[in-house]
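The values are calculated or read from the model by the stated rules, or taken from the named source; none is laboratory data. This is a predicted model, so every value here is computed, not measured. Cβ sites come from the backbone with ideal geometry, for glycine too, and all protein chains shown count toward neighbours. For accessibility, only protein heavy atoms count, side chains too; no ligands or nucleic acids. Shrake-Rupley method; radii C 1.70, N 1.55, O 1.52, S 1.80 Å.
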Protein chains: 4
Amino acid sequence: MATMQVSVLRKAGDIGVEEREVPTPGRGEVLVEIGSVGVCGSDVHYYEHGRIGRFVVDAPLVLGHEAGGVVVEVGPEVSTLQPGQRVSIEPGVPCRRCRQCLSGRYNLCPDVQFFATPPYDGAFCQYLVMPAEFVFAVPDSISDDAAGLLEPLSVGIWASRRAAVAPGTSVLVTGAGPIGIIAAQVARAYGADRVTVTDVNPHRLALAAQLGLEAIDVSATPIAEAGLEPDVLVECSGNPRATWDAFSTVARAGRVVLVGMGGDELRLSLPHLQDREITLTGAFRYANTWPTAIQLAASGRVDRDAVVTGHYDLASAEAALTAARTDPTAVRVIVRPGH
Amino acid sequence: MATMQVSVLRKAGDIGVEEREVPTPGRGEVLVEIGSVGVCGSDVHYYEHGRIGRFVVDAPLVLGHEAGGVVVEVGPEVSTLQPGQRVSIEPGVPCRRCRQCLSGRYNLCPDVQFFATPPYDGAFCQYLVMPAEFVFAVPDSISDDAAGLLEPLSVGIWASRRAAVAPGTSVLVTGAGPIGIIAAQVARAYGADRVTVTDVNPHRLALAAQLGLEAIDVSATPIAEAGLEPDVLVECSGNPRATWDAFSTVARAGRVVLVGMGGDELRLSLPHLQDREITLTGAFRYANTWPTAIQLAASGRVDRDAVVTGHYDLASAEAALTAARTDPTAVRVIVRPGH
Amino acid sequence: MATMQVSVLRKAGDIGVEEREVPTPGRGEVLVEIGSVGVCGSDVHYYEHGRIGRFVVDAPLVLGHEAGGVVVEVGPEVSTLQPGQRVSIEPGVPCRRCRQCLSGRYNLCPDVQFFATPPYDGAFCQYLVMPAEFVFAVPDSISDDAAGLLEPLSVGIWASRRAAVAPGTSVLVTGAGPIGIIAAQVARAYGADRVTVTDVNPHRLALAAQLGLEAIDVSATPIAEAGLEPDVLVECSGNPRATWDAFSTVARAGRVVLVGMGGDELRLSLPHLQDREITLTGAFRYANTWPTAIQLAASGRVDRDAVVTGHYDLASAEAALTAARTDPTAVRVIVRPGH
Amino acid sequence: MATMQVSVLRKAGDIGVEEREVPTPGRGEVLVEIGSVGVCGSDVHYYEHGRIGRFVVDAPLVLGHEAGGVVVEVGPEVSTLQPGQRVSIEPGVPCRRCRQCLSGRYNLCPDVQFFATPPYDGAFCQYLVMPAEFVFAVPDSISDDAAGLLEPLSVGIWASRRAAVAPGTSVLVTGAGPIGIIAAQVARAYGADRVTVTDVNPHRLALAAQLGLEAIDVSATPIAEAGLEPDVLVECSGNPRATWDAFSTVARAGRVVLVGMGGDELRLSLPHLQDREITLTGAFRYANTWPTAIQLAASGRVDRDAVVTGHYDLASAEAALTAARTDPTAVRVIVRPGH
């Protein structure tokens, strides 16, 4: 029986490699050898605090949910994939029986089994098994890292879809972290006339500018003084003050999508929302985004390789998490289980 | 030159009748003799405080914007109305040149001339002139008071439209004042499967129950314990605590429309909004609602006469405002300029 | 091993009862004892012609897809239903893996297994097994027949949803057969201001009138002369001439849903469609309609018992099909396998 | 009193220059000196046949509705424009009082005064007066010709809006005339993953290919054999056979917008529409497109200069119309009244 290396978070601050059995794909499933896994803020948060809200690490947990790799085995009744295909993984399996799933909103399924969310394991491992319909073949124009980063790209797509970004729309993205940088590029691909990104971190602002985005350092120019009146706000900072200030610039009939996790309480100007009939919503993961993500990535309309700032092997997952947490120049660091 | 009686608010707390010239309808305009004007909370607020937010009564102001009456004269090029027709007035005239107007969102026109909002006068008067397209003939099945109360009915229609109420939807309305009572009936007319109204005022709860609505006294049963998980919340209380509590019961993919004016700050549970992808928006007046309001009223699907709790003549406008403000049994009081 | 009676269509015109094994519910499935099955035009068509378009009866087929009954056994992992519950069956099981299914449009699933559509059997039988999520408990206010007739009610809901029927909408329904009669009542429940039904069959027009619908005999009053300009057309006649004529009355920005099956070719006035920007679409079965159908039926907003014009036992299925085909007074006939 | 040259169509085939008074801008209006006017198929049709459907040239008519120029005088109460500004003209003035106008669908206004449509004159003249809100300043990156060609660009925008083109969408455009070429570029700017254009004219196919569009010669490769299954069809050929064939390739839940004028009758495969729930609509001019058109043009996302194949002065309008009608290499010819 084959075994593999798995990086396991035992409790907050305690992570290490263990040996586990390689799983076997069942009916309709495929076995993927993981090549690249992006380190997300949620991974860092679990590592540091052992929980996110109601999700508590009370048993060993495998982190990582931005994963790409290669199909190595297919189970019975799989016709869409073959061994050897390079793939990207959509990291949640919904129940497909509840009202949300049957309505196409499977991201809101209360029983979704989502990677790296207790009690479900993620992708910091050499192999994993997934239903074939959540594994997507990618062309060679998409790098291994970029295959994994179709996950944050999907977050950006979901935001632009929910905000109805199109030509004729101006978009403000608050927060130039990896999600913000990608969401801004996605908004541009959706045809937004003008996309502006704000942050206070000069490394991130420089990266935004390098990707052709308008970048504003709000420590120097408060957003209220920047002369913007965006049709759409994609909030990616998770910062309550930034949220309040950016919201207060949104145009009449504007749309706001809250992507960043910003604590327990939302505070906004009520007259601004009411008098302008601004529509506000959250973005919780995504649904049906991978085909679009592959198109945006393969055509070069959204550059994800630019946000990659470091690579680590599986045994160095702790170093990867630490870099993501503490290095101000880090944007997206990558764990490569196969190395 | 003909003159008429007009009730004028000179400053907070100072209201009285004056004599003014009867206006003459210009091209495309009609002259309406006002028969009934509902007293809205905003009228009371101007009377009491002399301002609402940035709108300040710094010159004499005529209150009242829920008006019905009879056409007495039509100006040149008016083909849709004739003298003698009973009508309801839509109390705002948008610019029809700006981006909002041309997009059909004329309620968001920054230059709208809205009744009883400084510096524009309202309907506490015997006659007024309006463009014909904002004056709607009503059938005899709609009473004089009900013609005026097509205005709050429009507020309810706007809320149901923005919340996409339809069969298959459960609706929670917070606040059983006149707007809440009407909005709840409108939600039922839009096909909502279940409509629940909350309040703490027993008179209002009794009225809701009498109209066949499910009514909950939240002073006895906190909303969190009522076992509700509404698809739609129509917030009509303007109470921040009620808003927070009711919002926290909304179902996944639910819609929330904030109708009540509740101060400068909106506070909500951010995880509830994000994890459930709830969509939240304001309702600022209405657009293109009168034809629908007439249908709902004429067919008896929404009862507005039931909310009328008193009538006053023009000279008694102060008494009407006081009743609306202080009498716990008052729901909607009416000023009748013609009496 | 238990057996049951099943009515089997062997080929066009050849139908008879056979003995088959009672199936056993697997994981997530329930066994339903069928109480009532409506006879649909498609059942009649298979009986008469042995095919519908590309679907050919080249092996024995069980007809019937409008089914209600009682749960008699539940398989492992079923928590939503219990033996003894009265239920209605949604008669299609989609693949839940394709793009259409994951987007919530499972009615468009190319691999759906739909009752009484070759090669999948239907409900003219005593027992059948279904995944629990397509079996819905119904309250006692819904009769056995009405439980089965939630299926055509779902067709009506789907039409009103796709046409965005709401207060402020006038609706024309062409064809007062069982689908048209139900679709018209559904449109009224969605809040349509005015619902008009057309047909040439006096029995059907009388039934429409009895249900409070405006009914027009187009053999006496051509639709073009009826003075209608509906916002919505729900075409249920399948008659090309009726479709052309009714379409030509639709208002600017109107919506048309084609429900009736009317041959291979659609013909419409192109200038009418273009100049008025009318939006036209088909309705193919339904998705996510059962919860709404139960609400509309249980509250009495849509009467389905009124369309029932005869009952037959399983051995008399041929007589039921013949009545449905040839009796001008028949609206919906019912097969009762349990009798 | 100043006079100007105007090209007047007296009746079919009879066009010539006349002298007329230069009009004076009234309140809210501006006087524009016309620099460039594109020659549209409708201009050619009026010239050739003296009518289009119910619109008959029974009095002298000025053709041309794709116009750009320079503001030379502003009337009272115009604050948005100044003399000297280069502008593009939206060539229709709706009534702004009807239900369609107030709903934002002013393109469907039954009383719109649209250029070059009897009895309203167009832009084959040196000067004309327009309400300021239908005159849009353009940046210098938009050429004179391109300013006029914001009109066909608006047609393309309207098609992409109505078809909800976005990333994740594949688009088929039938007909590579000026409208099709522009509509295809617009679809790409809206983020379509793949845009394919069909025609049989090699000059037009070459132009499409030169602009980076996938081009198919359907005289060589019938569309049914091209392996396409587009999500969106934008029909710009006006050819009934091309419409039928292209429609028959559209994917499940696809959207079809009929832009081309193709006679009195629409014929489509009804089972294809119903089984796939394809949504079909017309595009009648446009509403609220100019700000977006300016953005798409100024940023270079849509190239309109490439479609210009010839320039003519006002006295040569007949030659321009003839070239547009008969020269197979002509795409869009331009009349320049100022030359």
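Scanning the range C:120-130 for residues that are part of a strand (DSSP E or B) and either of a type in the set (D, E, K, R) or crowded, with 19+ Cβ neighbours inside 10 Å (or both), which turns out farthest from the other protein chains (Cβ to nearest Cβ)? That would be C:Cys125. Across the range C:62-97, the number of residues qualifying as assigned to a loop (DSSP other than H, G, I, E, B), within 14 Å of chain A (Cβ to nearest Cβ) and closer than 28 Å to C:Ser316 by Cβ comes to 1. Residue check: C:Ser154 meets all listed conditions (1) among the polar types (S, T, N, Q); (2) within 12 Å of another protein chain (Cβ to nearest Cβ); (3) farther than 27 Å from D:Ile278 by Cβ but one, namely (3).
Residues are listed down the side, and each one gets a yes or a no for (1) among the aromatic types (Phe, Trp, Tyr); (2) in contact with a helix residue (DSSP H, G or I) (Cβ under 6 Å, 6 or more places away or on another chain); (3) more than 30 Å from B:Val17 (Cβ to Cβ):
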{"position": "B:Arg252", "(1), (2), (3)": "no, yes, yes"}
{"position": "B:Arg255", "(1), (2), (3)": "no, no, yes"}
{"position": "B:Asn288", "(1), (2), (3)": "no, yes, yes"}
{"position": "B:Pro291", "(1), (2), (3)": "no, no, yes"}
{"position": "B:Val307", "(1), (2), (3)": "no, yes, no"}
{"position": "B:Asp313", "(1), (2), (3)": "no, no, no"}
{"position": "B:Thr326", "(1), (2), (3)": "no, no, no"}
{"position": "B:Thr329", "(1), (2), (3)": "no, yes, no"}
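The condition (being open to solvent by less than 60 Å² (accessible area, probe 1.4 Å), in the same structural domain as D:Val256 (by TED's automatic domain parsing) and not hydrophobic (A, V, I, L, M, F, W, C)) is satisfied by just one residue among D:Gly227, D:Gly180: D:Gly180. Selection of first residues in the range D:24-35 that are within 14 Å of chain B (Cβ to nearest Cβ) and of second residues that are among the acidic types (Asp, Glu) and outside any strand (DSSP E or B), restricted to Cβ pairs under 6 Å at least 6 apart or on distinct chains, gives the following pairs, ordered by first then second residue: D:Arg27/D:Glu77; D:Gly28/D:Glu77. If only residues of the range D:264-286 that are over 21 Å from C:Val155 (Cα atoms), part of a loop (DSSP other than H, G, I, E, B) and open to solvent by less than 50 Å² (accessible area, probe 1.4 Å) are counted, the one that is nearest to the other protein chains (Cβ to nearest Cβ) is D:Phe284. Taken together, B:Pro167, B:Pro139 contain a single residue that is in the same structural domain as B:Pro83 (by TED's automatic domain parsing), touching a helix residue (DSSP H, G or I) at 6+ places or on another chain (Cβ under 9 Å), more than 30 Å from B:Glu21 (Cβ to Cβ) and not in a helix (DSSP H, G or I), which is B:Pro139.
Can you tell me which residue in the range C:194-213 is surrounded by the fewest Cβ atoms within 10 Å (Cβ to Cβ), limited to those that are within 14 Å of chain B (Cβ to nearest Cβ) and out of contact with any Ser or Thr (no Cβ under 6 Å at 6 or more places or on another chain)?
So the first thing to find is which residues in the range C:194-213 are within 14 Å of chain B (Cβ to nearest Cβ), and the list is C:194-195, C:212.
From what's left, out of contact with any Ser or Thr (no Cβ under 6 Å at 6 or more places or on another chain): C:195, C:212.
Working: C:Val195: 27, C:Gly212: 12.
Going through the qualifying residues, I end up with C:Gly212.
Kindly list the number of the only condition in (1) within 14 Å of chain D (Cβ to nearest Cβ); (2) crowded, with 19+ Cβ neighbours inside 10 Å that fails for B:Asp144. Condition not satisfied by B:Asp144: (1). Among residues of the range D:267-286 that are closer than 16 Å to D:Pro240 by Cα and at pLDDT 95 or above, those with a beta-carbon under 9 Å from a residue that is open to solvent by less than 20 Å² (accessible area, probe 1.4 Å) and acidic (Asp, Glu) at least six positions away or on a different chain give the pairs D:Thr281/C:Glu277; D:Gly282/C:Glu277. One residue stands out in the range D:241-255 among those that are in contact (Cβ under 8 Å) with a residue 60 or more places away in the chain and closer than 14 Å to D:Gly175 by Cα: the one that is most open to solvent (accessible area, probe 1.4 Å), namely D:Ala242. Considering the conditions (1) part of a helix (DSSP H, G or I); (2) farther than 30 Å from A:Ala137 by Cβ, A:Val197 is excluded by exactly one of them, (1).
Within the range B:84-98, residues that are surrounded by 22 or more Cβ atoms within 10 Å (Cβ to Cβ) have Cβ atoms under 7 Å from residues that are among the polar types (S, T, N, Q) and in a loop (DSSP other than H, G, I, E, B) in no pair, counting only partners at least 6 apart in sequence or on another chain.
Does D:Ala116 fit the bill of being at pLDDT 95 or above, in contact with a strand residue (DSSP E or B) (Cβ under 6 Å, 6 or more places away or on another chain) and outside the structural domain of D:Ile182 (by TED's automatic domain parsing)?
Taking the combined requirement at face value, the residue does not satisfy it.
Against the conditions (1) within 30 Å of A:Arg99 (Cα to Cα); (2) buried (at least 21 other Cβ atoms within 10 Å of the Cβ); (3) touching a residue at least 60 places away in the same chain (Cβ under 8 Å), B:Ala187 satisfies every one except (3). The set of residues in the range A:157-182 being closer than 22 Å to A:Asp327 by Cα and within 13 Å of chain D (Cβ to nearest Cβ) is empty. Counting the residues of the range C:247-263 that are more than 7 Å from chain D (Cβ to nearest Cβ) and at pLDDT 95 or above gives 10.
The rows are residues; the columns are (1) of a type outside the set (Gly, Ala, Ser); (2) under 14 Å from C:Thr169 (Cα atoms); (3) assigned to a loop (DSSP other than H, G, I, E, B).
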{"site": "C:Ala224", "(1), (2), (3)": "no, no, no"}
{"site": "C:Glu229", "(1), (2), (3)": "yes, yes, yes"}
{"site": "C:Leu233", "(1), (2), (3)": "yes, yes, no"}
{"site": "C:Gly260", "(1), (2), (3)": "no, no, yes"}
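Take the residues in the range D:308-317 that are open to solvent by less than 50 Å² (accessible area, probe 1.4 Å) and small (Gly, Ala, Ser); name whichever of them is nearest to the other protein chains (Cβ to nearest Cβ). It would help to see each step written out before you state the result.
To start, the set of residues in the range D:308-317 that are open to solvent by less than 50 Å² (accessible area, probe 1.4 Å) comprises D:308, D:310, D:314, D:316-317.
In the following step, the residues that additionally are small (Gly, Ala, Ser) were identified as D:310, D:316-317.
Working: D:Gly310: 29, D:Ser316: 32, D:Ala317: 27 Å.
Going through the qualifying residues, I end up with D:Ala317.
Within the range D:144-177, if we keep just the residues that are over 17 Å from the mean Cα position of the chain (by Cα) and among the hydroxyl-bearing types (Ser, Thr, Tyr), the residue that is nearest to D:His203 (Cα to Cα) turns out to be D:Ser170. So in the range D:287-307, with the set limited to residues that are more than 7 Å from every other protein chain (Cβ to nearest Cβ), open to solvent by 10 Å² or more (accessible area, probe 1.4 Å) and in a helix (DSSP H, G or I), which one is nearest to D:Gly212 (Cα to Cα)? Step by step, filter the range D:287-307, then rank; the result is D:Ala306. B:Gly238 satisfies every condition listed in (1) in contact (Cβ under 8 Å) with a residue 60 or more places away in the chain; (2) farther than 19 Å from B:Ala192 by Cβ; (3) at the interface with another protein chain (Cβ under 9 Å from one of its Cβ atoms) except (3). Evaluation of A:Ile157 against the conditions (1) under 19 Å from D:Ala189 (Cα atoms); (2) open to solvent by 50 Å² or more (accessible area, probe 1.4 Å) shows that the sole unmet condition is (2).
Annotation: of all residues in the range B:105-119 being open to solvent by 80 Å² or more (accessible area, probe 1.4 Å) and without any contact (Cβ under 8 Å) to a residue 40 or more places away in the chain, the one that is nearest to the other protein chains (Cβ to nearest Cβ) is B:Asp111.
Looking only at the range A:183-193, which residues are within 11 Å of another protein chain (Cβ to nearest Cβ) and either among the small types (Gly, Ala, Ser) or in contact with a Leu (Cβ under 6 Å, 6 or more places away or on another chain) (or both)? Before the answer, list the steps.
Taking the range A:183-193 as the starting set, the residues that turn out to be within 11 Å of another protein chain (Cβ to nearest Cβ) are A:186-193.
Once the filter is applied, which keeps residues that are within 11 Å of another protein chain (Cβ to nearest Cβ) and either among the small types (Gly, Ala, Ser) or in contact with a Leu (Cβ under 6 Å, 6 or more places away or on another chain) (or both), the range A:183-193 yields A:Ala187, A:Ala189, A:Gly191, A:Ala192.
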